[in-house]
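Below is one structure, written out as structure tokens; comments come after it.
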Amino acid sequence: MKTIKPLQSALLTVVLLFSFSSAFTQNATEIIKKADDKWNGEKSSQGTMTMTIVRPTWERTIQFKIWTLDRDYSMTLITAPAKEKGQAFLKRDTEMWNWMPSISRMIKLPPSMMADGWMGSDYTNDDVLKESSIVVDFNHSIIGSETIDGWDCWKIELLPKEDAAVVWGKIVKWISKSEYLQMKTEYYDEDEFLVKTELGTEIKTMDDRKIPSRLEIIPADKDNQKTIVTIDNIKFNVAIQNSFFSQQNMKRLR
């Protein structure tokens, strides 16, 4: 009978262990997609949120409803305060629109406005209208592991693809290894300077999944300034047609 030498046995064990672990190892893109699907719904979502804009000398609160469908459609309706109530934002394919009932005017948002703050907040128009996709428009790499707020997380770097029209030069995300929660995100400009950090906290079960119910956006270069978004309620994979996302419907939303 042919015997296996100790060195050969050790090498065989390493190969088998590597093969076994690799079979269960997810790549960075799979992790990002699972986290994104969990946050946005695999097909669609509908919810209400409250946003508090904090500045050194003042605060203001905005309430709004959201609807999304796939990657191509999203609608946002402001419900409070009264001054902005009824204002709506629409993304349909590659076009973005803003309906302002106070002046009965429909405004098309140019790509150059995607990096601007939405409603004066630290969120960009791109964040709210989901113009870019973290799954489609970026290349993904696992660059480490860290613990965030008690959750063991993958640290994943997102670099924009050459042909992608995106706002950010680099994004780094911390995604929990269980539940695929987006616990922390850092956004960098084209020169790789940190622009802002997003923290996800207050994990709750909403509809059929656990998600951070509170998001805090903190600019890197502005003291005593941040934006807090609280998810009041949300449902995923709701029945909604792409015909809902129209300019005509923007004016009828309540």
| request: Would you mind calculating the gained length between E59 and S102 on full extension (0.36 nm times residue separation, minus the Cα-Cα distance), in nm to one decimal? | output: 13.2 nm
| note | Assertion target for F138, F244, ordered by fewest C-beta neighbours within 10 angstrom first, is F244, F138
| task | Considering Cα pairs under 8 angstrom that are at least six residues apart, work out the relative contact order of segment 36-92 and quote it in whole percent. | result | 25
| note | Amide H neighbours of L181 at under 5 Å, excluding residues fewer than 5 places away on the same chain, with H built from the backbone geometry, are S176
| task | Would you calculate the separation in nanometres between label points at K204 and S145, each defined as 7 Å from the Cα along the Cα-to-beta-carbon direction? | result | 3.1
| said: Report, in listed order, any pair from K108/K226; K34/K222; K65/K173 with a Cα-Cα distance greater than 31 Å. | reply: K34/K222
| task | Note the angle between two axes, namely the Cα long axis of helix 28-40 and the longest principal axis of the Cα atoms of the chain, as a number of degrees from 0 to 90, rounded to the nearest 10. | result | 30
| message | Neighbour counts of other C-beta atoms within 10 Å: give me M206, M106 arranged from fewest to most. | response | M106, M206
| note | Kirkwood-based Rg/Rh on the Cα set of the chain evaluates to 1.07
| said: For segment 119-254, what are Rg and Dmax over the alpha carbons, in angstrom? | reply: 16.4, 48
| said: For Cα pairs less than 8 Å apart in space and 6+ apart in sequence, what is the mean separation divided by the residue count of the chain, i.e. the relative contact order in percent? | reply: 20
| Which whole-number percent of Cα pairs in segment 156-211 have a distance greater than 14 Å? | 60
| said: Between E190 and T48, what is 0.36 nm times their sequence separation minus the Cα-Cα distance? Round to one decimal in nm. | reply: 47.8 nm
| task | Could you pull out every residue, at least 5 positions away or on a different chain, whose amide H is within less than 5 Å of the one on C153? Hs are placed 1.01 Å off N in the peptide plane, and Pro or chain starts have none. | result | E146, T147, I148, K177
| task | Please provide three numbers in whole Å: the alpha-carbon extents of segment 26-121 along the principal axes, with the largest listed first. | result | 48, 32, 26
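None of the figures in this text is laboratory data; all of them are computed from the coordinates on show. Because the structure is a prediction, the values reported are computed rather than measured. Positions of Cβ are generated from backbone atoms using ideal geometry, with glycine treated the same way; all protein chains shown enter the neighbour counts.
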